[in-house]
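Read through the structure below, which is laid out as structure tokens, and then see the notes.
The values are calculated or read from the model by the stated rules, or taken from the named source; none is laboratory data. Keep in mind that what you see is a predicted model, and the values were worked out from it rather than measured. Cβ atoms come from the backbone with ideal geometry, glycine included; neighbour counts cover every protein chain shown. Side chains included, ligands, DNA and RNA excluded: accessible areas come from the protein's heavy atoms. Shrake-Rupley method; radii C 1.70, N 1.55, O 1.52, S 1.80 Å.
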Amino acid sequence: MIYTSVLTSLTNLDTLYLDSLLLDSPLGTHEETLKAYRILEGYVMQKKVRHLGISNVSLPKLERLYDECHVKPSIVQNRFWASNKWDVGVRRFCRDHGMVWQSFWTRNPQLLKTALVQRVAEGVLGNGDRKEEALNLLVLVLGRGWWEGGGVAILYGATREAAMKSDLEAAVRVGAVSIGERMEFSRLVGEDD
Ligand SMILES: NC(=O)c1ccc[n+]([C@@H]2O[C@H](COP(=O)([O-])OP(=O)(O)OC[C@H]3O[C@@H](n4cnc5c(N)ncnc54)[C@H](OP(=O)(O)O)[C@@H]3O)[C@@H](O)[C@H]2O)c1
């Protein structure tokens, strides 16, 4: 199945290699996960895939996979929400190992309601209505200071052109988020340093 999926992607995208390939989630046991991941590693060896990753993974499962795999994951794609403490443990692990931590379900209603998001919308983007874009900026700055590589990325799901343009135009303002705002957001999403 993985084999078919990679070949189909190569054909559909009319390309000789894929930039990245992610395992959608760990399987029932560690052994099954490793077996599936080994198939993905084979594609890197064949130069059909450049980077590997995994999604929906807990810290203990990620640590074990990382220890035992040959091609270390470059990307971890996880849900950004309060119930997993904003994935702070996995984010730290990614930072310490030079991996990209990629969020989905980023537009969290709980965060969108905060005074900080409102303040960044007004102060950085000059428009208090642009809370969606302000939250994106705050998530992106979580990757500031990941000197060893990696960083934080947002897996993006907008379908309207207007939303895409607005988000992209706002994203270039990421450098205008202050250190104080970054620290306040870091604390909101589980970091204490
Ligand atoms: N790995 C996994 O298990 C997993 C799980 C869930 C999702 N995903 C993937 O993650 C990607 C993102 O999905 P998501 O659920 O996280 O979506 P998302 O990017 O958090 O949200 C997309 C929604 O946000 C709206 N939006 C974006 N920018 C906006 C703006 N500036 N103002 C107002 N609304 C705005 C979009 O509206 P419009 O569409 O109307 O533009 C769309 O309804 C998708 O490719 C999805 O397949 C992966």
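Summary table
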read-out	value
Selection within segment 3-26 - hydrophobic (A, V, I, L, M, F, W, C), open to solvent by 70 Å² or more (accessible area, probe 1.4 Å) and without any contact (Cβ under 8 Å) to a residue 12 or more places away in the chain	13
Those residues of segment 152-187 which are among the β-branched types (Val, Ile, Thr) and either within 16 Å of the chain's Cα centre (by Cα) or surrounded by 15 or more Cβ atoms within 10 Å (Cβ to Cβ) (or both), in sequence order	152, 154, 174, 177
Residue among 120, 76 that alone is within 16 Å of the ligand (Cβ to nearest atom) and part of a helix (DSSP H, G or I)	120
Enumeration of residues in segment 157-176 that are touching a residue at least 40 places away in the same chain (Cβ under 8 Å) and out of contact with any Gly (no Cβ under 9 Å at 6 or more places or on another chain)	157, 170, 173
Flag if residue 95 is over 18 Å from residue 21 (Cα atoms), without any contact (Cβ under 8 Å) to a residue 60 or more places away in the chain and not in a loop (DSSP other than H, G, I, E, B)	yes
Considering residues of segment 139-151 that are away from the ligand (no atom under 14 Å from the Cβ) and open to solvent by less than 60 Å² (accessible area, probe 1.4 Å) only, the residue farthest from residue 190 (Cα to Cα)	149
Members of segment 164-190 found to be out of contact with any helix residue (DSSP H, G or I) (no Cβ under 8 Å at 6 or more places or on another chain), among the aliphatic types (A, V, I, L, M) and within 16 Å of the ligand (Cβ to nearest atom), listed by number	164, 168, 172
Single unsatisfied condition, residue 190 versus (1) surrounded by fewer than 19 Cβ atoms within 10 Å (Cβ to Cβ); (2) in contact (Cβ under 8 Å) with a residue 12 or more places away in the chain; (3) part of a helix (DSSP H, G or I)	(3)
Count of residues meeting criterion [surrounded by 13 or more Cβ atoms within 10 Å (Cβ to Cβ) and within 13 Å of residue 1 (Cβ to Cβ)] in segment 31-46	3
Subset of segment 92-117 that is surrounded by fewer than 22 Cβ atoms within 10 Å (Cβ to Cβ) and aromatic (Phe, Trp, Tyr) - its residue that is farthest from the ligand (Cβ to nearest atom)	93
Selection count where residues are of a type in the set (Ser, Thr, Tyr) and modelled with pLDDT under 95, scope segment 71-105	1
Restricting segment 124-138 to residues that are more than 10 Å from the ligand (Cβ to nearest atom) and either within 15 Å of residue 81 (Cβ to Cβ) or in contact (Cβ under 8 Å) with a residue 12 or more places away in the chain (or both), the residue that is surrounded by the fewest Cβ atoms within 10 Å (Cβ to Cβ)	125
Selection within segment 46-60 - within 16 Å of the ligand (Cβ to nearest atom) and either in a strand (DSSP E or B) or more than 17 Å from the chain's Cα centre (by Cα) (or both)	51, 52, 53, 54, 55
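Quick grid of which residues meet (1) within 22 Å of residue 72 (Cβ to Cβ); (2) in a helix (DSSP H, G or I); (3) more than 16 Å from the ligand (Cβ to nearest atom):
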site: 7; (1), (2), (3): no, yes, yes
site: 10; (1), (2), (3): no, yes, yes
site: 27; (1), (2), (3): yes, no, no
site: 31; (1), (2), (3): yes, yes, yes
site: 35; (1), (2), (3): yes, yes, yes
site: 40; (1), (2), (3): yes, yes, no
site: 44; (1), (2), (3): yes, yes, yes
